[in-house]
1. Please indicate, with yes or no, whether at least one residue in the stretch 77-100 is open to solvent by less than 70 Å² (accessible area, probe 1.4 Å), farther than 16 Å from Ser30 by Cα, touching a residue at least 24 places away in the same chain (Cβ under 8 Å) and charged (D, E, K, R).
2. Counting just the residues of the stretch 101-111 that are part of a loop (DSSP other than H, G, I, E, B) and surrounded by 14 or more Cβ atoms within 10 Å (Cβ to Cβ), which one comes out modelled with the lowest pLDDT?
3. Considering only residues that are at pLDDT below 95 and among the aromatic types (Phe, Trp, Tyr), look in the stretch 51-68 and name the one that is surrounded by the fewest Cβ atoms within 10 Å (Cβ to Cβ).
4. May I ask you to list the residues in the stretch 1-50 that are under 16 Å from the mean Cα position of the chain (by Cα), open to solvent by 20 Å² or more (accessible area, probe 1.4 Å) and closer than 16 Å to His114 by Cα?
5. Which condition breaks for Asp92 when tested against (1) in a loop (DSSP other than H, G, I, E, B); (2) more than 26 Å from Gln1 (Cβ to Cβ); (3) among the charged types (D, E, K, R)?
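The values are calculated or read from the model by the stated rules, or taken from the named source; none is laboratory data. The shown structure was predicted, so the numbers you read here are calculated from the model rather than taken from an experiment. Every residue, glycine as well, gets a Cβ built from its backbone with ideal geometry; the counts of neighbours run over all protein chains shown. Surface accessibility is based on the protein's heavy atoms, side chains included, excluding ligands, DNA and RNA. Shrake-Rupley method; radii C 1.70, N 1.55, O 1.52, S 1.80 Å.
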Amino acid sequence: QVQLVESGGGLVQTGDSLRLSCAASGRSVSNYAMGWFRQAPGKEREFVAAHIWHDARTYYAYYADSVRGRFTISRDNAKNTLYLQMNSLKSDDTAVYYCAADSRVTELAYSSPHKYQYWGQGTQVTVSS
């Protein structure tokens, strides 16, 4: 079992930055595919970014078109933690942000929330305009 806990959300203004963290426990997630998703009121859960193994030595980062160039996903295996650096925030970024992990997700399905087994509780990001 893997437990995920997000932190770092808050209330910011348009153009500000936030750094979200996802702390994993229970086992190492260094070999897991990991992703960030978000859900706004009345909307379905939406893919934001993923950090997926390309081969035995290299992670690839993937981004939704709406955040590419503004958000950066990364991980620190020594801390068993995933990050999402969010810059140039817009009101459309307002949502609950969720961290997800799975031992078997590949580059063929990284953007599908139903493919991830483990989820955090979410952290609220609100961007005022």
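1. Within the stretch 77-100 (the criterion being open to solvent by less than 70 Å² (accessible area, probe 1.4 Å), farther than 16 Å from Ser30 by Cα, touching a residue at least 24 places away in the same chain (Cβ under 8 Å) and charged (D, E, K, R)), the answer is yes, since at least one residue qualifies.
2. Val105
3. For the stretch 51-68, the residue satisfying everything is Tyr60.
4. Answer for the stretch 1-50, where residues must be under 16 Å from the mean Cα position of the chain (by Cα), open to solvent by 20 Å² or more (accessible area, probe 1.4 Å) and closer than 16 Å to His114 by Cα: Tyr32, Gln39, Glu44, Arg45, Glu46, Phe47.
5. If we test Asp92 against (1) in a loop (DSSP other than H, G, I, E, B); (2) more than 26 Å from Gln1 (Cβ to Cβ); (3) among the charged types (D, E, K, R), just (1) comes out false.
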